[in-house]
Structure formats: structure tokens, C-alpha cells
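Colleague: My questions all concern the structure below.
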Amino acid sequence: MIWESWDAFWAMGGYALYVWGSFGMTLACIAGEVWLLRRQRRQVVSRLRRLQRFDSQ
Amino acid sequence: MLRFLIAVIRRDILLAARRRGDWLTAQFFFIMVTSLFPLGIGPEPAMLRTIGPGVVWVAALLACLLSLGRLYADDHRDGSLEQLLLAPYSNALLALGKAIAHWIINGIPLLLIAPVLGIQFGLPADALAVLVLSLAIGTPVLSLLGGIGAALTLGLRGGGVLITLLILPLYVPVLIFGAGAVDGTLSGTGAEAHLSLLGAVLVMALLVAPWISALALRVSVE
Amino acid sequence: MNLYRYASPATFHPLAGRLVPWFAALAAALAAAGLYISFFVAPTDFQQGEGYRIIFIHVPAAWMSMFIYIVMAFWSAIGLAWNTRLSFVMARALAPTGAMFTFVALWTGALWGKPMWGAWWVWDARLTSSLILLFLYVGYMALQAAIDDPRRADRAGALLNLVGVINVPIIYFSVKWWNTLHQGASVSLTRAPSMAQTMLWGMLVMALAAWMYTIAVALVRARTLILERERQTEWARAVLKEEA
């Protein structure tokens, strides 16, 4: 273990803002993309199903 | 083949001569944009001299984009573009002719206006000469690459803004080498390297851009 | 083995659906390993302190931003040459993820630059060309969004993508040239310090994780695009009936 304590880990030797800002933004981007993709898939499927029902009527 | 090329160019020049209002808009846009910079930044001569080449070049890019939206749009609307594409010559020849015509109509006036604008920014005589020379080599590239953008966005809603998004990133090397040539003259490091790189870009654009424009036209028209 | 079979949407859709969880799981495992290396294995840099740990995402993100554009161009070229619809769909499905990685590379570059260079943004050759790459992605996506007819959108996007990929090296060279003329050599983000070995491993594992993530996400996006386009066909109707 190279860190003396969890506090030292979160402090990142004074670079906390930069390090956690970078990793945090990356995580946010990935989470956002996954969320958008799921929503898009659901929307497309439900729209196509509605279209299909409309067609068969 | 050459006759077809010349016919395409002549046709566009004639059309532009009949609609002088459209044509003058881009030129005045060029003059106005460059004249706004000293008002925004301040009349300090040393400062103006350093930003001058970049400002004139950026304004030239924007003025060129302004007129590109109409490159194929008018012919597309009245149906003559389809006729031209059916001509028994390569469509790349048509795209090349269109780009040359665009350069003659919009590029050459920029060359003539640029020295006057350069004087506004206090550029010395040798820098003015390099400015005109760099524009002479660089603006054909703008017309050639812009032709691709015009062909891709043909008939789309919001085509005018879209074309700037597509094409401006591709203009970056031209801007860097063009404005850099003038900067080189001002700082005494010389302009030859920039100008020869600009020339290389022009050769590449001449070889590649007409073919891609022709493909893009076929995609957009079919 | 018949490769063409996999190019047919009716085969691709279920196959991709089965592959996605595997790639997602691989991405998560590799990311966990990469994060472990970047925070607990790699020692503190004697010059840059802990701030250098940003490069464990910055460098992989910058690699991905370029690779994805090139892979897109590969699919675009195949699509134009053999007229395979699936290739265009793949190129289109990759673009948003590529733009996302370019943005991450710029963002982390700025956060790295502030403590190291003392400025959020420096007109460094790498940062500047990443910015222009982001513009290229935005242009591609804007063109796709503006065209309603999928056939035209596919081809127009592919052509723009190919023009872009020819231009990327020219842009990179010109920006580098401009940069050396205007401010001399600047500190490079990838300058390898003494502990290069662990660092390289960390970056490689993170880059692999990013690859797996990109594949998973692109497959999901491609599935949705294909379902939308093929909604009139038998298999798409069957899929829609199944998926509630």
C-alpha cells in the first residue's frame, strides 16, 4: 500500500481537485452515455411498437 | 473536355455578373469584418501589425464560406444541376469547373481588396506582397474544399450554418500556412517554407477534392 | 465461415445483443484493474507528485479519440466500396463515443495543465489538434443529424469522414509546425519519467478497457439504429414483439 491513510488518498498530495476532477468527469461522461443509450433504446422500441400497432389496424 | 470545363466556368461567371448584389455581399462582408477588429481591440499600431495577417486570413475564410452555400444550390433548385451531371464528362470535371469559377468570382476580388485592408493594419510593403501571394495560393484550396461541403449539404435545411461546421476544421492548415507566411515576412524568418507547404496543400486539394465533390454530388442528388 | 452472413442485419442484431454483456463485463474488469494500477501500484512521481495520475485516463482517452476516428473511416471506406449498410451503421454508432473521448482528453488535459503549466489551456500542439478533432466529430454528427434519408446520410457522412481522415495528419502537422514557430518546445504530456514501466502498463490496461467499452456501446447503438431502419421486416417485427 503506498497510501498512509484514506485521507491521504483522497487528498492526492494536494492535487485532489485536478485528479478527482478528471476521473469524475470521465465517470460522468460514461454514465451519461450509457444512460442516454438505454433511454434511446427504450424510446425507439416503444415508438416502433406503436407504429406497428398503427400499421396492423 | 477542356471545352466542357470552360463552358461550366463561363456559365457561372455570367450568372454571377447578372446577380451582382449577391456577389458583392461576400466582398463587403470581408471588408467589414476586418475593419471591426481595430474597433474591438484598439488602434495600437504595433498590436494591429501583429494580428493583421491572421485577421485578414480568418476574414477571407469566412467570406469564402458565405458564398459557398450558393455554389450548387441555385443550379439544384432550377434542375440544371441534374442536367450537368448527366453530361458525357466526368462529374469531377464539373466539380473542378465549379470550384474554379467560385475562385474567380469570389477569390480574386479578395486578392485585390486584401492589400488595402493590410494597409489598415499597418503592414509594410513586402508583407503586403506576401499576403497577396499567400491568398493567391490559399484561396483556391478554400474553393476546392468548400465545394465538397457545398455538395454534401445540398438542399438541407440549415445548410449554410452546417457547411461552416463541416468545412472550417478542414481549413485549419490553409489558415496556419497562409497567415504564417505573412508572419514570417514580418518577423524576418522568411515566407518560403510556408508558401511551399501551402502550394503542396493546393496540389493535394486539386487532385482529391474534385473527385470527392463529384461523389458527394451524386449522393446528394440521387 | 461466411462473413457476409454476419453483415446481414437479421443475424447481426441478436449476435450483437449476445456480445454486448461480454464486452461490458470485460470493460468493467479491465477498468477496475487499470484503476487499481493507477492509484495503488504506480508510485508517486518525484517531479509531478500525485497530479500525474491524470495521465492514466488522459492518454488512453487521447488514443481512443484518434483510433475511433480512424476505425470510423475504415468502416466508411468499406461501406462506400462494397455498399454494405452495416458498415455505415458501425461508423455512425462509433461517432458519439469518439466525440466523448475527445472531450475527456481535452478536459483532463486542461486539469493536468493547470497545476503543471499554470494555465487551464495552452495552445499546445496536442491540445489544439484534439480540439480540431472534436470539431471534426461534431461536423460529422451534425451532418448525419441534418439528413433525413438514411441512405444519403450514410454516404454523405462516410465521404466527410474520409476527407477528415485524409486531413487529420495534415492538420496535426500544420498545428505542430505553428506551435514550434510560436512558442518553442513545450513540456509534453507523455514525456516518460523514470517509472515508465508501471505507468505504461496502467495506460495500456486503461486503453484496453476503453476499447471494450467502445465496442459494447457501439454495438448497442448499432442495434438500435438497425432496428429503426429495418422496422418493416419480419425479424424486426419479431424482435419488437419480444422486447417489452
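Colleague: For C:Asn83, all conditions in the list (1) polar (S, T, N, Q); (2) within 14 Å of chain A (Cβ to nearest Cβ); (3) surrounded by fewer than 17 Cβ atoms within 10 Å (Cβ to Cβ) hold save one; what is the number of the exception?
Modeller: (2)
Colleague: Something else now. Restricting attention to region B:184-222, which residues are surrounded by fewer than 22 Cβ atoms within 10 Å (Cβ to Cβ) and outside any helix (DSSP H, G or I)?
Modeller: The answer is B:Gly188, B:Thr189, B:Gly190, B:Glu222.
Colleague: Output the residue which, of all residues in region C:110-124 that are farther than 22 Å from C:Ile68 by Cα and part of a helix (DSSP H, G or I), is modelled with the highest pLDDT.
Modeller: Applying the filter and picking the extreme gives C:Leu111.
Colleague: When you check B:Arg20 against the structure, is it within 21 Å of B:Leu111 (Cβ to Cβ) and either basic (Lys, Arg) or more than 18 Å from the chain's Cα centre (by Cα) (or both), yes or no? Steps first, answer last, please.
Modeller: Details: within 21 Å of B:Leu111 (Cβ to Cβ): yes; either basic (Lys, Arg) or more than 18 Å from the chain's Cα centre (by Cα) (or both): yes.
Considered against the rule, which asks whether it is within 21 Å of B:Leu111 (Cβ to Cβ) and either basic (Lys, Arg) or more than 18 Å from the chain's Cα centre (by Cα) (or both), B:Arg20 comes out as yes.
Colleague: Can you list the helices (runs of 4 or more DSSP H) found entirely within region B:37-106 that contain at least 1 residues being of a type in the set (Asp, Glu)?
Modeller: The qualifying helices (runs of 4 or more DSSP H) are B:73-77, B:80-86.
Colleague: Let me ask another. Quick one: which of B:Thr164, B:Thr139 is away from chain C (no Cβ under 12 Å), within 15 Å of the chain's Cα centre (by Cα) and of a type in the set (Ser, Thr, Tyr)?
Modeller: Checking each option against the conditions leaves just B:Thr139.
Colleague: Conditions first: (1) under 19 Å from B:Ala150 (Cβ atoms); (2) facing chain C (nearest Cβ under 8 Å); (3) more than 15 Å from the chain's Cα centre (by Cα). B:Leu197 passes all but one, so which condition is the exception?
Modeller: (1)
Colleague: Further, regarding this structure: Hey, could you check region C:20-48 for residues that are among the polar types (S, T, N, Q) and over 15 Å from C:Ala207 (Cβ atoms) and say which is nearest to the other protein chains (Cβ to nearest Cβ)?
Modeller: Looking at residues that are among the polar types (S, T, N, Q) and over 15 Å from C:Ala207 (Cβ atoms), I get C:Thr44.
Colleague: Follow-up question, since we're still on this one. List pairs: first residue in region B:46-66 and more than 16 Å from B:Asn106 (Cβ to Cβ), second residue small (Gly, Ala, Ser) and not in a helix (DSSP H, G or I) anywhere in the structure, Cβ distance under 6 angstrom, at least six positions apart or on different chains.
Modeller: Close Cβ pairs (under 6 Å, with a partner that is small (Gly, Ala, Ser) and not in a helix (DSSP H, G or I)) amount to B:Leu48/B:Gly122; B:Arg49/B:Gly122.
Colleague: Checking C:Phe101 against (1) free of Cβ contacts under 8 Å to residues at least 40 places away in the same chain; (2) within 17 Å of C:Ile55 (Cα to Cα); (3) crowded, with 21+ Cβ neighbours inside 10 Å, which test does it fail?
Modeller: Unmet for C:Phe101, out of (1) free of Cβ contacts under 8 Å to residues at least 40 places away in the same chain; (2) within 17 Å of C:Ile55 (Cα to Cα); (3) crowded, with 21+ Cβ neighbours inside 10 Å: (1).
Colleague: Right, something else. Starting from residues that are among the aliphatic types (A, V, I, L, M) and exposed (fewer than 13 other Cβ atoms within 10 Å of the Cβ), keep the ones in region A:1-26 and report whichever is farthest from the other protein chains (Cβ to nearest Cβ).
Modeller: So the first thing to find is which residues in region A:1-26 are among the aliphatic types (A, V, I, L, M), and the list is A:1-2, A:8, A:11-12, A:16-17, A:19, A:25.
Next, from what is left, pick out any that are exposed (fewer than 13 other Cβ atoms within 10 Å of the Cβ): A:1-2, A:8.
Values: A:Met1: 7, A:Ile2: 6, A:Ala8: 9 Å.
If we take residues in region A:1-26 being among the aliphatic types (A, V, I, L, M) and exposed (fewer than 13 other Cβ atoms within 10 Å of the Cβ), then A:Ala8 is farthest from the other protein chains (Cβ to nearest Cβ).
Colleague: State whether the residues of region C:9-17 include one that is polar (S, T, N, Q) and surrounded by fewer than 22 Cβ atoms within 10 Å (Cβ to Cβ).
Modeller: Yes, because at least one residue in region C:9-17 is polar (S, T, N, Q) and surrounded by fewer than 22 Cβ atoms within 10 Å (Cβ to Cβ).
Colleague: Sticking with this one: Go through region B:168-194 and give me each residue that's within 17 Å of C:Leu136 (Cα to Cα) and more than 8 Å from every other protein chain (Cβ to nearest Cβ).
Modeller: Across region B:168-194, the qualifying residues are B:Tyr171, B:Val174, B:Leu175.
Colleague: Quickly run through region C:145-178 and pick out the residues that are polar (S, T, N, Q) and over 18 Å from C:Asn83 (Cβ atoms).
Modeller: If the condition is that a residue be polar (S, T, N, Q) and over 18 Å from C:Asn83 (Cβ atoms), then C:Asn167, C:Ser174 are the ones that fit.
Colleague: Would you confirm whether or not region C:125-147 contains a residue that is within 9 Å of another protein chain (Cβ to nearest Cβ), farther than 27 Å from C:Phe56 by Cα and not in a helix (DSSP H, G or I)?
Modeller: Yes: one or more hits.
Colleague: Name every residue in region B:16-35 that is modelled with pLDDT of 90 or more and over 11 Å from B:Leu66 (Cβ atoms), in order of residue number.
Modeller: Correct list: B:Ile31, B:Met32, B:Thr34, B:Ser35.
Colleague: Taking region C:226-243 only, how many residues are buried (at least 16 other Cβ atoms within 10 Å of the Cβ), in a loop (DSSP other than H, G, I, E, B) and touching a residue at least 12 places away in the same chain (Cβ under 8 Å)?
Modeller: 1
Colleague: With the condition kept exactly as written, say whether any residue in region B:120-128 is among the aliphatic types (A, V, I, L, M), crowded, with 22+ Cβ neighbours inside 10 Å and outside any helix (DSSP H, G or I).
Modeller: Yes; the residues of region B:120-128 include at least one that is among the aliphatic types (A, V, I, L, M), crowded, with 22+ Cβ neighbours inside 10 Å and outside any helix (DSSP H, G or I).
The values are calculated or read from the model by the stated rules, or taken from the named source; none is laboratory data. Since we're looking at a predicted model, the values are computed, not measured. Positions of Cβ are generated from backbone atoms using ideal geometry, with glycine treated the same way; all protein chains shown enter the neighbour counts.
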